[in-house]
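The values are calculated or read from the model by the stated rules, or taken from the named source; none is laboratory data. Bear in mind the structure is a predicted one, so any value in this text is a computation, not a measurement. Backbone-built Cβ (ideal geometry, glycine too); neighbour counts: all protein chains shown. Ligands, DNA and RNA are stripped out before the accessible areas are found, and what is left, the full protein with its side chains, is counted by its heavy atoms. Shrake-Rupley method; radii C 1.70, N 1.55, O 1.52, S 1.80 Å.
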Amino acid sequence: METENESVFSGFGEENSAETEIAKCPGCGANMVFDPDSQCLICNHCGSKKDFSGEGELAEELSLAEAFGERNNWAKEETSVFSCDNCGAKVVLSAGETAKICPFCGTAHVRVTDELAGLKPNALIPFAFGEDKAVELSKTWAKKRFYAPRKFKKKLNADNVKGVYTPCFTFDSHTYSVYNGRIGKTRTRYVGSGKNRRVQTYVVWRNISGVYTDAFNDVLITAGSKLGQEQLNKVMPFGTDTGKSFEEQYMLGFMAYHYDKDITSCWGSAKNKMDAVIRSRILSRYDHDRVAYLNVSTRHDGVTYKYVMLPMYVGNYSYNKKLYNFYVNGETGKAWGKTPISVPKVLGTVLLGLGIIAGLILLFI
């Protein structure tokens with residue numbers, strides 16, 4: 001069941017106080033972070049780099065049937081869950097860490113709770129570039145937003161752009177569908193004679209039925225409310241076929257927003273998405289422009305899933321007491337978001353348009 005405002009983050013790195021062996025620099029003992037440019041761990045204190053074993057291992061598809069039974073959950077002693085008092089988001093951190101800020105609203109009103117973190121991810125797509133490039137991409141995107149205020153464009157910086165792993169489920173399925181329906185094709189013909197001769201429109205109806213099979217790979221469903229399916233679709237695609245097997249090292253220095261829609265809810269959304277595709281592909285077999293009805297019954301076989309964390313740079317900006325978020329795909333660099341609107345720019349455009357219209361009227365008078 002989907003629960004309101006159960007978003008969860010996980011943060012690692014120098015801002016926190018994690019005392020884990022994987023995070024320690026072999027040279028100076030400082031905490032290390034994942035460096036997207038070199039795809040290894042790096043120490044920002046002495047510059048040392050460290051490879052780790054997970055690099056190059058592809059994520060495994062898991063049986064959906066098993067997901068509804070025994071689950072691979074975070075142990076209580078592994079994590080602590082913090083909640084943002086401002087926007088309701090929740091963060092899951094390794095034991096001993098302290099949450100600093102919420103990347104979605106930028107506030108530091110975060111407190112510890114007694115909740116459990118839930119299901120662990122089994123797949124991850126690492127960030128392909130660092131925060132500096134993400135800020136540059138954000139600025140390039142913002143410059144193209146003509147009606148955005150100049151103040152908004154100038155204030156985009158590393159303080160309001162943070163790397164956040166975003167939770168999604170992917171589903172594979174072999175489908176077997178039985179269908180029946182009634183479709184029609186609009187046609188025209190001449191009727192009558194003499195002055196009464198005219199064109200008549202009519203529909204030729206036909207009944208259809210049959211079997212349709214298909215195979216779906218990595219149907220991607222967002223598991224978080226802070227980044228909905230519509231927003232996720234705007235910055236797709238992601239290379240989920242080449243996702244890495246989940247290892248905590250990839251998370252060092254980044255936050256991770258945990259699911260607040262469980263796997264049952266996401267599987268329901270995936271089936272709805274597949275059903276829409278199946279219906280469209282069945283209808284594409286026939287020449288038609290009308291559908292009276294189409295009944296489709298689908299069986300799903302060999303269903304597998306991945307709980308995958310996607311790399312996303314999240315920006316937040318407050319303008320006239322309203323919060324705006326924008327996003328950069330941490331794998332491809334594709335950016336999208338909503339910006340405030342500059343009223344003077346809009347008025348200027350309207351006045352310019354009116355002036356052009358007035359000029360054309362005077363020209364042709």
inquiry  = From the list 183, 263, 221, exactly one residue is among the β-branched types (Val, Ile, Thr) and over 30 Å from the mean Cα position of the chain (by Cα). Which is it?
reply    = 183
inquiry  = For region 119-168, give me each residue that is closer than 14 Å to residue 312 by Cβ and polar (S, T, N, Q).
reply    = 138, 166
task = Taking the residues in region 27-59 that are assigned to a loop (DSSP other than H, G, I, E, B) and under 19 Å from residue 313 (Cβ atoms) as candidates, determine which candidate is modelled with the highest pLDDT.
result = 36
remark   = residue 273 passes all but one of the listed conditions (1) in contact (Cβ under 8 Å) with a residue 60 or more places away in the chain; (2) touching a strand residue (DSSP E or B) at 6+ places or on another chain (Cβ under 7 Å); (3) open to solvent by 50 Å² or more (accessible area, probe 1.4 Å); the exception is number (1)
request  = Please specify each residue of region 265-306 satisfying the condition of being farther than 20 Å from residue 221 by Cβ and among the small types (Gly, Ala, Ser).
outcome  = 284, 292, 297
Residues that are open to solvent by 10 Å² or more (accessible area, probe 1.4 Å) and either under 30 Å from residue 165 (Cβ atoms) or among the hydroxyl-bearing types (Ser, Thr, Tyr) (or both), drawn from region 307-330 = 316, 317, 318, 319, 321, 322, 323, 324, 325, 327
request  = Identify, by number, the condition in (1) farther than 28 Å from residue 63 by Cα; (2) outside any helix (DSSP H, G or I) that residue 195 doesn't meet.
outcome  = (2)
message = Which condition from (1) open to solvent by less than 10 Å² (accessible area, probe 1.4 Å); (2) in contact with an Asp or Glu (Cβ under 8 Å, 6 or more places away or on another chain); (3) not small (Gly, Ala, Ser) is the one that residue 172 breaks?
response = (1)
request  = Please name all residue pairs, on different chains or six or more residues apart, with Cβ atoms under 8 Å, provided the first residue is in region 30-45 and is closer than 16 Å to residue 134 by Cα and touching a residue at least 24 places away in the same chain (Cβ under 8 Å) and the second residue is buried (at least 22 other Cβ atoms within 10 Å of the Cβ) and among the aliphatic types (A, V, I, L, M).
outcome  = 34/41; 34/251; 34/252; 35/41
key: Residues that are part of a helix (DSSP H, G or I) and farther than 19 Å from residue 62 by Cβ, drawn from region 215-265   = 229, 230, 231, 232, 233, 234, 235, 249, 251
remark   = Counting only residues that are surrounded by fewer than 17 Cβ atoms within 10 Å (Cβ to Cβ), in contact (Cβ under 8 Å) with a residue 24 or more places away in the chain and out of contact with any Ser or Thr (no Cβ under 8 Å at 6 or more places or on another chain), region 198-244 contains a total of 12
